[in-house]
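Engineer: Structure incoming, see below.
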Amino acid sequence: MNILDRFLRYVAVDTQSNEDSPAQPSEVKELVLLQMLRDELLSMGVEAVLDEYGYVMATIPSNIDRPVPKIGFIAHVDTAPDASGKDVKPQIIKDYDGSPIALQGVPGLKLDPADFPELLAHKGETIITTDGTTLLGADDKAGVAEIMDAVQYIVEHPEFKHGEIKIGFTPDEEIGRGVVKFDVKRFGADFAYTMDGGEVGELEFENFNAASASVHIQGRNVHPGYAKGKMLNSILIAQELIALLPVGQRPEMTQDYEGFFHIVSFKGSVEESSLTWIIRDHDRALFERKKAQMQECCDFINAKYGPGTAVPTIKDQYYNMREMVEPHYHIIEKAIEAIKMAGVTPKVQPIRGGTDGANLSFKGLPCPNIFAGGLNFHGKFEWIPLESMEKASAVILNIVKLFAE
C-alpha cells in the first residue's frame, strides 16, 4: 500500500475527539482507526498491542548486533473538535498549476493562493484538499500514514539496518489529553519524535506553555421595564471582561514567540454566561503572568458588581518542552541531518501550539516534533502535498539509519 492510499484510508474514519467527554479515549469511534492500525501492524509481522486507554504500541526488533538507542515515532489519530471530521471527501489535484482550487462541496469556496500564498511553493506537486464541508484530517493522519509507510519499508527490506524501533499511536491529542495515561516505561524508547508538525522541513523542540481558563458570569435578571438599578446583564459583564484583556495579545495580532489570550467560546443569557479561553506563552514567566492577569480581571469585575460575579477556573495543560529536550540536543542534530538527507531545508522553529511530545518530554521521554506536511489545520481550508508526506516518511527512515550507524 502506498502512502497516498494509506492516508485516504485513514481520513475516511471519523475520529473527532470530544473535550466534554471524561472517557479515555473521549470517543469510542477513535478506536476504529486505532484497531485498524494495530491490525495492519500485526499483518506486517510487527508486534503490536492496543491497550484499554486507546494507545497502540508496537516494536520492531533490532537487526544489528550492537546496542544503539531505542527510537520511537508517535502520531495521534484524533481530529480537532473545531470542524467536522465525518464523511471527509478529499480532492486530489495532480501537477498543481498555482491557480485557485475550488472546494467542490461548497459553491464558490476556494483555496486561493491570494489568501494562502504557501500553495505557490508546491506548484507541480500533488495537492490533497478538503471539499469545503469538513476538515481533511492531515493533523495528524498524515503523521500516522508516514510512520506506517516507513514501517512497511523496514519490514519489506530486511537489509535495512536499524536498532529497536518503537511505534505509538494515541487518541485525544487535540483536546490536550493525548498522553495523560501513556506509559513511557512500557513504551520503552530512549528518545522519540512526534510526526505532527506542519509545512515540510519544520522541526520543533519548543512549544507554548498552555492553560485553559473557564469563567462563569452570574448576572441578575429582572423585568426589563423595571430593571433600573437592579438588572445585572451577564452578557454585558462578559463583554466588559473580554475588553479588560489586552487587545494586542490576541492570536490574530501575535507571531513567533509572542503569547496570547484566545477566547474560544461564549455562551450566555441575561442571567448567566460562560466563557472559555486558552492562554499561551513560550516564556514561563510571561505565561504565569497571563494567568495572574486573567484572575486580576475577574477580581476587578467582582469588585465592581459583587463577589461571585466572575468565577474563573484556570488549569495548566502542558509546558514548553525545550527545558526537557535541549539537554539531549543530539536528537535535534540527528533530525536536522535526516531532513537534509531527504533533500529538504530544515526549519527549526517554535511551535505556536503543542504536541503530545511536550507532555511526553516531561514524562521523561525527550520528544521533539517533525513536520507531517499539512497546512491550515483544523478547518475546511486544510491541505497537504503528497510529496511532503513522502519526504516525512524518508526522514523517519533517515533518523533510524543515523542512530544505527
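The values are calculated or read from the model by the stated rules, or taken from the named source; none is laboratory data. It should be emphasised that the depicted structure is a prediction, and the values quoted were computed from it without experimental measurement. With ideal geometry, Cβ positions are generated from the backbone for all residues, glycine too; neighbour counts draw on all protein chains shown. Surface areas here come from the heavy atoms of the whole protein model, side chains and all, with no ligands, DNA or RNA. Shrake-Rupley method; radii C 1.70, N 1.55, O 1.52, S 1.80 Å.
Engineer: Just tell me which lysines come within less than 16 Å, Cα to Cα, of residue 347; anything on the same chain fewer than 8 places away is out.
Structural biologist: 334, 391
Engineer: Using a probe radius of 1.4 Å on heavy atoms only, what accessible surface per residue do you get for the range 141-221? Whole Å² is fine. Don't jump to the answer; show the numbers that get you there.
Structural biologist: Values: 2330 Å² over 81 residues.
Using a 1.4 Å probe on heavy atoms only, each residue of the range 141-221 averages 29 Å².
Engineer: Place +1 on the Cβ of every Lys and Arg and -1 on the Cβ of every Asp and Glu in the chain, take the dipole about the Cα centre, and give the residue among 158, 342, 286 whose Cα lies farthest towards its positive end.
Structural biologist: 286
Engineer: Restricting to Cα pairs below 8 Å that are 6+ residues apart, what does the relative contact order work out to for the chain? Please round to a whole percent.
Structural biologist: Working: 904 pairs, mean separation 93.5, N = 405.
This gives 23 percent for the chain.
Engineer: Would you kindly give the portion of the calculated P(r) for the chain that falls above 35 Å, as a percent of all Cα pairs?
Structural biologist: Values: 25627 of 81810 pairs.
Beyond 35 Å sits 31 percent of the P(r) for the chain.
Engineer: With r as the distance between the Cβ atoms of residue 313 and residue 31 and R0 = 41 Å, compute the FRET efficiency 1/(1 + (r/R0)^6) and round to 0.05.
Structural biologist: Details: r = 30 Å, r/R0 = 0.73.
For R0 = 41 Å, the calculated efficiency reads 0.85.
Engineer: Restricting to the chain, compute how many DSSP beta bridges are antiparallel as a %, nearest 5.
Structural biologist: On the way: 47 of 63 bridges.
Percent antiparallel among DSSP bridges in the chain is about 75.
Engineer: Then there is this: Count of lysine pairs in the range 1-114 with Cα atoms under 22 Å apart, counting only pairs 8 or more residues apart in sequence or on different chains?
Structural biologist: On the way: 29/86; 29/89; 86/110; 89/110; 94/110.
Close lysine pairs found across the range 1-114: 5.
Engineer: Roughly how big is the chain's charge dipole about its Cα centre, with Cβ charges of +1 (Lys, Arg) and -1 (Asp, Glu), in debye to the nearest 20?
Structural biologist: Details: 39 positive and 60 negative charges, 209 e Å.
Its charge dipole is roughly 1000 debye.
Engineer: Continuing with the same structure: Would you mind calculating the gained length between residue 153 and residue 53 on full extension (0.36 nm times residue separation, minus the Cα-Cα distance), in nm to one decimal? Each step should come with its number before you reach the end.
Structural biologist: Working: separation 100, 0.36 × 100 = 36.00 nm, distance 2.85 nm.
Length gained, residue 153 through residue 53: 33.1 nm.
Engineer: Counting only protein heavy atoms and a 1.4 Å probe, tell me what percentage of the chain's accessible area is made up of carbon and sulfur. Could the numbers behind the result be given before it?
Structural biologist: Numbers: 8930 of 17260 Å².
C and S atoms contribute 52 percent here.
Engineer: Sort out for me the Cα centre separation of the range 122-163 from the range 363-382, rounded to whole Å.
Structural biologist: A separation of 13 Å, based on Cα centres.
Engineer: What share of the DSSP beta bridges in the range 65-191 is antiparallel, in percent to the nearest 5? Don't skip to the answer; put the middle values down first.
Structural biologist: Details: 5 of 12 bridges.
Rounded to the nearest five, the antiparallel share is 40 percent.
Engineer: Name the shape class, rounded, prolate or oblate, that the alpha-carbon gyration tensor gives for the range 324-405, where a ≥ b ≥ c are the square roots of its eigenvalues, rounded holds for a/c under 1.5, and otherwise prolate holds if a/b is larger than b/c and oblate otherwise.
Structural biologist: Details: a/c = 2.19, a/b = 1.16, b/c = 1.89.
It comes out oblate by the Cα gyration axes.
Engineer: Using only the alpha carbons, work out the radius of gyration and Dmax of the range 256-389 in angstrom.
Structural biologist: Answer for the range 256-389, Rg first and Dmax second: 19.7, 63 Å.
Engineer: With each run of n ≥ 4 DSSP H residues scored as -39500 (n - 2.57), what mean residue ellipticity at 222 nm is computed for the chain after dividing by its residue count and rounding to the nearest 500 deg cm²/dmol?
Structural biologist: Details: 10 runs with 121 residues, N = 405.
That comes out to -9500 deg cm²/dmol.
Engineer: Under unit Cβ charges (Lys, Arg +1; Asp, Glu -1), what dipole magnitude, rounded to 20 debye, does the range 1-120 have relative to its Cα centre? Before the final figure, lay out the partial values.
Structural biologist: Numbers: 10 positive and 20 negative charges, 76 e Å.
Charge dipole of the range 1-120: 360 debye, to the nearest 20.
Engineer: Continuing with the same structure: Let me have the relative contact order for the range 277-405, percent, based on Cα pairs under 8 Å that are six or more residues apart. Walk me through the numbers before you get to the answer.
Structural biologist: Numbers: 94 pairs, mean separation 27.7, N = 129.
Relative contact order, the range 277-405: 22 percent.
Engineer: Report the charge-dipole magnitude of the range 225-289 in Debye, nearest 20, computed about the Cα centre from +1 at each Lys and Arg Cβ and -1 at each Asp and Glu Cβ.
Structural biologist: Values: 7 positive and 9 negative charges, 66 e Å.
The calculation lands at about 320 debye.
Engineer: Send over a whole-number figure in Å² for the accessible area per residue of the range 22-92, probe 1.4 Å. Walk me through the intermediate numbers first.
Structural biologist: On the way: 3210 Å² over 71 residues.
For the range 22-92, the per-residue accessible area is 45 Å².
Engineer: How big, in percent, is the set of alpha carbon pairs in the range 65-117 lying more than 19 Å apart?
Structural biologist: Values: 793 of 1378 pairs.
Everything past 19 Å amounts to 58 percent.
Engineer: Pulled fully out, how much extra length does the chain show between residue 82 and residue 328, if you take 0.36 nm times their separation in residues and subtract their Cα-Cα distance?
Structural biologist: Contour length minus the Cα-Cα distance gives 85.1 nm.
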